[in-house]
Amino acid sequence: MSLDTLTLLPVTQPLTGHVSPPGSKSITNRALLLAGLARGTSRLTGALKSDDTRYMAEALRAMGVTVDEPDATTFVVTSSGAWQEPAEPLFLGNAGTATRFLTAAVALQKGRFTVDGDQHMRKRPILPLVEALQSLGVAIAAPSGCPPVAIDAKGGFSKDRVVIDAGLSSQYVSALLMAAPLTRQPFEIELKGAEIGARGYIDLTLAAMRAFGASVEEVSASIWRVQPTGYRAADFHVEPDASAATYLWGAEVLTGGKIDIGTPAEAFTQPDAKAHAVISAFPHMPAVIDGSQMQDAIPTIAVLAAFNETPVRFVGIANLRVKECDRIRALSTGLNAIRPGLATEEGDDLIVAADPALAGQVLPARIDTFADHRIAMSFALAGLKISGITILDPGCVAKTYPDYWDALASLGVTFEKP
Ligand SMILES: O=C(O)C1=C[C@@H](OP(=O)(O)O)[C@@H](O)[C@H](O)C1
Ligand SMILES: C=C(OP(=O)(O)O)C(=O)O
């Protein structure tokens, strides 16, 4: 769909049916990267094909890796294990995973690389990762603290230990971990401070690394030791995306329906699967929700909170200010566009003043998505219950869930004719 706006028509009956969420973005981009670093051919099945994974695949191709796509959910990756200097800057759109993971991985290749993204990515911080790589002797610079990042890579690190501050993004740790098996000696990564948002993403990283032959030891909660094994090509299956599942879980509880997503919540290994327990408690979700370990699910839960029986305060979500957009601001702006006073920001907390009586009302609101897929997908839930919800730039869902609007339509959701 390439529309400027999309207005949902409220549903008149519970949503029921089957919808399989696409493959996990986080896992697909890890697997693509590791397959690209392994010598030989890897087959990734159940993979996500979306803007974020296309940018990763295109970047690998630009560095001499063969990435074939025999069907809609499979990548076949063939690599020599070493990457060539690309002719152009690597353009990664607004894909945080691709941008951070590739920055560390190219630092261990040989040649000049520029890692860049769109205007949104150019506002997302990468300095802690750049400084960590500088401390390892890499000639790397990001003058604005955000992409573009210029790297003159010499094929190695000058030290066998790095300290990284992951306060702004756990992706810096994942990026260093995934690069580490390419070094020439055992390598240690230490977290500065105890704080790390969404530790579950580090677990995903370790699991993917091990699947491609790496050996990583968790020395303590903040230290990892990685052996210089390189990577081995592998066949790898990607599980469905837990963050995408949250919209379907949300649609189910909001409409009192039954949506079979084909995967039980307990079967996911991604951090956002934790949201299932909170969403299942709707309309009695707790008064305080700590979003630190399920950050990408917070937009979904915050929109649901507008229909909860009691108000919800979201804490532990400061990182949401440096995602695809400032999500705390986008959520408060969108909720207050629906009904003034529905959301308040207190520092980096978001308080949603629940109002179950919103359901069934006509409240015309144009929701600015700030080009953020999760803002578009979560506010669509409000449109299932309120008349007049218009999503601006609905095509931004292509970042991680290109078929989202079709998935809702397959459950019986209808849209106003443009
Ligand atoms: O490692 C990952 O795959 C991700 C980590 C999280 O980001 P931060 O680590 O930047 O918080 C998450 O928001 C993002 O969608 C995916
Ligand atoms: C934060 C997100 O993405 P990324 O950091 O990978 O761009 C997201 O998908 O919600």
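The values are calculated or read from the model by the stated rules, or taken from the named source; none is laboratory data. Here the structure is a predicted model, which means the values were calculated and not measured. Note: ideal-geometry Cβ built from the backbone for every residue, glycine included; neighbour counts use all protein chains shown.
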Does T369 meet the test of being hydroxyl-bearing (S, T, Y) and part of a strand (DSSP E or B)?
no
Six or more apart or on different chains, Cβ under 7 Å: which pairs go from a residue in segment 266-284 that's surrounded by 18 or more Cβ atoms within 10 Å (Cβ to Cβ) to one that's charged (D, E, K, R) and modelled with pLDDT of 95 or more? Could you list them?
F268/E239; D272/D296
Residue check for V130: within 16 Å of ligand 2 (Cβ to nearest atom), at pLDDT 95 or above and buried (at least 19 other Cβ atoms within 10 Å of the Cβ):
no
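Restricting to segment 63-95, count the residues that are aliphatic (A, V, I, L, M) and within 23 Å of the chain's Cα centre (by Cα).
The total comes to 7.
Run down T263, T300 and say which single residue is in contact with a helix residue (DSSP H, G or I) (Cβ under 9 Å, 6 or more places away or on another chain), touching a residue at least 24 places away in the same chain (Cβ under 8 Å), within 16 Å of ligand 2 (Cβ to nearest atom) and within 17 Å of V19 (Cβ to Cβ).
Details: T263 fails: within 16 Å of ligand 2 (Cβ to nearest atom).
Residue meeting the stated conditions: T300.
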Scan segment 173-193 residue by residue and report those that are more than 20 Å from V106 (Cβ to Cβ) and within 16 Å of ligand 1 (Cβ to nearest atom).
L191, K192, G193
So in segment 165-177, with the set limited to residues that are among the hydrophobic types (A, V, I, L, M, F, W, C) and more than 14 Å from ligand 2 (Cβ to nearest atom), which one is farthest from L204 (Cα to Cα)?
L176
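Is it the case that some residue within segment 378-387 is under 21 Å from P21 (Cβ atoms), away from ligand 1 (no atom under 16 Å from the Cβ), not acidic (D, E) and not in a helix (DSSP H, G or I)?
yes
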Please find, among V238, V278, the residue that is more than 28 Å from S42 (Cβ to Cβ) and either out of contact with any Asp or Glu (no Cβ under 7 Å at 6 or more places or on another chain) or not aromatic (F, W, Y) (or both).
V278
Scanning segment 1-51 for residues that are surrounded by fewer than 18 Cβ atoms within 10 Å (Cβ to Cβ) and free of Cβ contacts under 8 Å to residues at least 60 places away in the same chain gives T12
Subset of segment 308-322 (residues that are part of a loop (DSSP other than H, G, I, E, B), within 16 Å of ligand 1 (Cβ to nearest atom) and either modelled with pLDDT under 95 or out of contact with any helix residue (DSSP H, G or I) (no Cβ under 8 Å at 6 or more places or on another chain) (or both)):
G316
Quick check, is R321 surrounded by fewer than 16 Cβ atoms within 10 Å (Cβ to Cβ) and of a type in the set (K, R)?
yes
Taking segment 293-307 as the search range and keeping residues that are in a loop (DSSP other than H, G, I, E, B) and closer than 27 Å to G388 by Cβ, which one is nearest to ligand 1 (Cβ to nearest atom)?
A306
For segment 323-354, enumerate the residues that are at pLDDT below 95 and among the hydroxyl-bearing types (S, T, Y).
none
Output for segment 11-38, where each listed residue is among the β-branched types (V, I, T) and within 24 Å of the chain's Cα centre (by Cα)
V19, I27, T28
Quick check on segment 162-172. Is at least one of its residues within 16 Å of ligand 1 (Cβ to nearest atom) and either at positive phi or assigned to a strand (DSSP E or B) (or both)?
yes
With respect to A153, determine if the residue is more than 16 Å from ligand 2 (Cβ to nearest atom), outside the structural domain of V315 (by TED's automatic domain parsing), among the aliphatic types (A, V, I, L, M) and more than 18 Å from the chain's Cα centre (by Cα).
yes
Which pairs turn up if I take residues in segment 303-328 that are more than 21 Å from L168 (Cα to Cα) and in the same structural domain as I386 (by TED's automatic domain parsing) and look for partners that are of a type in the set (S, T, Y) and in a helix (DSSP H, G or I) with beta carbon separation below 9 Å, at least 6 apart in sequence or on another chain?
V303/S378; L304/S378
